[in-house]
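All remarks here apply to the structure that follows.
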Amino acid sequence: MKTLYFQILSGEIKAVLIEDNKKIVVLGIFPVKGKSQTAFKDEISRIKKELKLKQEPIIILPEPGLYPNSQNWKLSKNQVSSALARASYEAHKGQFKKQGTYLLLEIGNSVNLAVINKSKQVQISEHCLDRLVADFREAISEPHDSRYLQDFCSNQFFLKKTDKSALDIYNQLQDDALDGAELFVEYGANMGALLANLDTLYEPNCIAICGSIAQTFDAWSHAMGKMRNQHRAKKPACRAIPLKDKSDSTILGANLLN
């Protein structure tokens, strides 16, 4: 059995064929001009004709915030979010092998949470946390300006302060260990507060972090752990781990969902 997948990346589409539920064949990576649904639909149609593909593809959508209104895209009858697909992979083949409750945070331009309840069966629920009101001190000091979790725990935190992405600032740290370090300490403290709240709500076995900001995990994980401990008043109940490699895992996870 063969299944066709299109993964929407930043400015390009990755066409992948899965054979017998496990063998991945990358058919090509195609650039896309524009960020609209129409631009991607046109490119997908062109790819199908160029590769002479007859079957209807499954679309793996970009994370919310990567493109305008990406949460509401309707590219295909079969479409799966990247957070949900990665959570499915981890629940069946990845880090989460034992029974229990696991959390997967996809952090990039948005903050998406997948809650995995694993017993005899696997149940996964997905939540976008962007518009949750964040009760941090900085938010309280600005009563006339609503502040949301997206402002503190996503890439928006870095963009609003420096006009640079977390990855850009992280790459600068490799040349100058002081340039941007304090920003990651502040970000880590924000993430520690978020994880402490998730600890209380779900009491998970493990919290895994994926998405673009997972690539910078070592720059802010210490501050995150310190703040998490402070909020919990004891050692955190579970590990927080980065999942940096996600391309094939996401595609395989989408395949498990269908």
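Every read-out reported here was derived from the displayed coordinates using simple, explicitly stated rules and does not represent laboratory data. If you're wondering where the values come from, they're calculated on a predicted model, not measured in any experiment. In this analysis, Cβ positions are derived from the backbone assuming ideal geometry, glycine residues included, and neighbour counts consider all displayed protein chains.
Find how much the distance from D218 to A237 grows on full extension, using 0.36 nm per residue of separation minus their present alpha carbon separation; answer in nm with one decimal.
Difference between extended and current length: 4.8 nm.
Only lysine pairs 8 or more places apart, or on different chains, with alpha-carbon atoms under 27 angstrom apart are counted in the stretch 96-242, and they number 15.
Charge tally around L53: other residues with Cβ under 12 Å, Lys/Arg +1 each, Asp/Glu -1 each, net +4. What base-10 log of the normalised intensity I(q)/I(0) is obtained for the stretch 96-242 from the Debye formula, alpha carbons as equal point scatterers, at q = 0.10, 0.12, 0.13, 0.16 Å⁻¹? Computed log10 I(q)/I(0) values: -0.34, -0.49, -0.58, -0.86. Most mobile of L103, L173, L149 per a Gaussian network model of the chain (Cα springs, under 10 Å)? It is L173.
The calculated FRET efficiency for K97 paired with Q121, based on their beta-carbon distance and R0 = 22 Å, is about 0.90. Here, the chain yields an orientationally averaged convex hull projection of 15.2 nm² when only Cα atoms define the hull. With a Förster radius of 25 Å applied to the C-beta separation of K160 and S36, the computed FRET efficiency comes to 0.50.
Each label was represented as a point 7 Å from its Cα along the Cα-to-Cβ direction; for R46 and E186 these points are 4.2 nm apart.
Given only helices, namely DSSP H runs of n ≥ 4 each adding -39500 (n - 2.57), what is the per-residue ellipticity at 222 nm of the chain, to the nearest 500 deg cm²/dmol? Could the numbers behind the result be given before it?
Numbers: 9 runs with 100 residues, N = 258.
About -12000 deg cm²/dmol.
A Förster radius of 41 Å, combined with the Cβ-Cβ distance separating K226 from D248, puts the computed FRET efficiency at roughly 0.75. Given their separation in residues at 0.36 nm each and the Cα-Cα distance between them, Q79 and S10 gain 23.1 nm when the chain is fully extended. Looking at the square roots a ≥ b ≥ c of the eigenvalues of the Cα gyration tensor of the stretch 1-91, which shape do they give, rounded for a/c under 1.5, prolate if a/b is larger than b/c, or oblate? Judged from the Cα gyration tensor, the stretch 1-91 comes out oblate (a/c at least 1.5, b/c at or above a/b).
Take the cross-link list K41/K77; K23/K77; K14/K35 and give me the ones stretching past 22 Å between alpha-carbons.
The pairs that break the limit, which is 22 Å between Cα atoms, are K23/K77.
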